[in-house]
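K.L.:
So that we are looking at the same thing, I have put the structure below in structure tokens.
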Amino acid sequence: MKYLKIIAWLSLVALVVIQLFPVTLNESDTVPQNDFMIINQVPATIKNQLQVSCYDCHSNNTEYPWYSKIQPAAWYLEDHIQEGKDELNFNEWDTYSSRRKNSKLRSIIKQIESGEMPMDSYELIHGDARMDSTAVKEIIGYMDSLRED
């Protein structure tokens, strides 16, 4: 029993100490001119759905939940966001070559069709990120219309 108390106290101290190591937040005050929404003049319904379902992880401006201030959750979120941005950053859309844009559009279509995106873990916390069948069809149709092949 004594060891359990020691382990519990050490765990508590470790939890408090890791709070002293914050992360750099993915926040920006401006929308760059290279943004997907600006370049493609996206219809309002699709724009809203993309912002709610995709932009937190795939842009330079994340709306953080309350638990993002608590470690180790903040580290997990930042790692996840960085992975998402490395794969696709809507804010940098116009910096991509035509070939890369087409590849990204194919990937977006495939991942939305298969239900990979938005991720289940994201939808669990952000219920409004779920796409109903109508939204899926609209977004896939729109993304397909942008393809150049």
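The values are calculated or read from the model by the stated rules, or taken from the named source; none is laboratory data. All values reported here derive from a predicted model rather than from experimental measurement. Cβ sites come from the backbone with ideal geometry, for glycine too, and all protein chains shown count toward neighbours. SASA here: full protein model, heavy atoms, side chains in, ligands and nucleic acids out. Shrake-Rupley method; radii C 1.70, N 1.55, O 1.52, S 1.80 Å.
K.L.:
Would you check which residues across segment 1-21 are in contact with a helix residue (DSSP H, G or I) (Cβ under 9 Å, 6 or more places away or on another chain) and at pLDDT 80 or above and list them?
P.N.:
The answer is GLN19, PHE21.
K.L.:
Which one is most open to solvent (accessible area, probe 1.4 Å), of the residues in segment 22-49 that are among the polar types (S, T, N, Q) and touching a residue at least 12 places away in the same chain (Cβ under 8 Å)?
P.N.:
GLN33
K.L.:
Looking at segment 54-72, can you tell me whether even one residue there is closer than 26 Å to VAL136 by Cβ and aliphatic (A, V, I, L, M)? Full working, then the answer.
P.N.:
Looking only at segment 54-72, we keep the residues that are closer than 26 Å to VAL136 by Cβ, and these are 54-63, 65.
Okay, now just the ones that are also aliphatic (A, V, I, L, M), so none.
Scanning segment 54-72, I find no residue that is closer than 26 Å to VAL136 by Cβ and aliphatic (A, V, I, L, M), so the answer is no.
K.L.:
Shifting gears a bit: Does ALA135 count as closer than 30 Å to SER11 by Cβ and open to solvent by less than 60 Å² (accessible area, probe 1.4 Å)?
P.N.:
Criteria not met by ALA135.
K.L.:
Does GLU113 satisfy the condition of being under 13 Å from LEU50 (Cβ atoms), of a type in the set (D, E, K, R) and assigned to a helix (DSSP H, G or I)?
P.N.:
no
K.L.:
Please enumerate the residues belonging to segment 124-136 that are assigned to a helix (DSSP H, G or I) and more than 11 Å from the chain's Cα centre (by Cα).
P.N.:
Scanning segment 124-136 gives LEU124, ILE125, GLY127, ASP128, SER133, THR134, ALA135, VAL136.
K.L.:
Among ILE18, ILE7, ILE39, ILE46, which is farther than 26 Å from GLY127 by Cα and in contact with a Phe, Trp or Tyr (Cβ under 7 Å, 6 or more places away or on another chain)?
P.N.:
The conditions single out ILE39.
K.L.:
State yes or no: is ASN60 in contact (Cβ under 8 Å) with a residue 60 or more places away in the chain and in contact with a Pro (Cβ under 9 Å, 6 or more places away or on another chain)?
P.N.:
no
K.L.:
Which residue is surrounded by the most Cβ atoms within 10 Å (Cβ to Cβ), if the candidates are limited to segment 65-108 and must be part of a helix (DSSP H, G or I) and touching a residue at least 60 places away in the same chain (Cβ under 8 Å)?
P.N.:
Step by step, filter segment 65-108, then rank; the result is ASN91.
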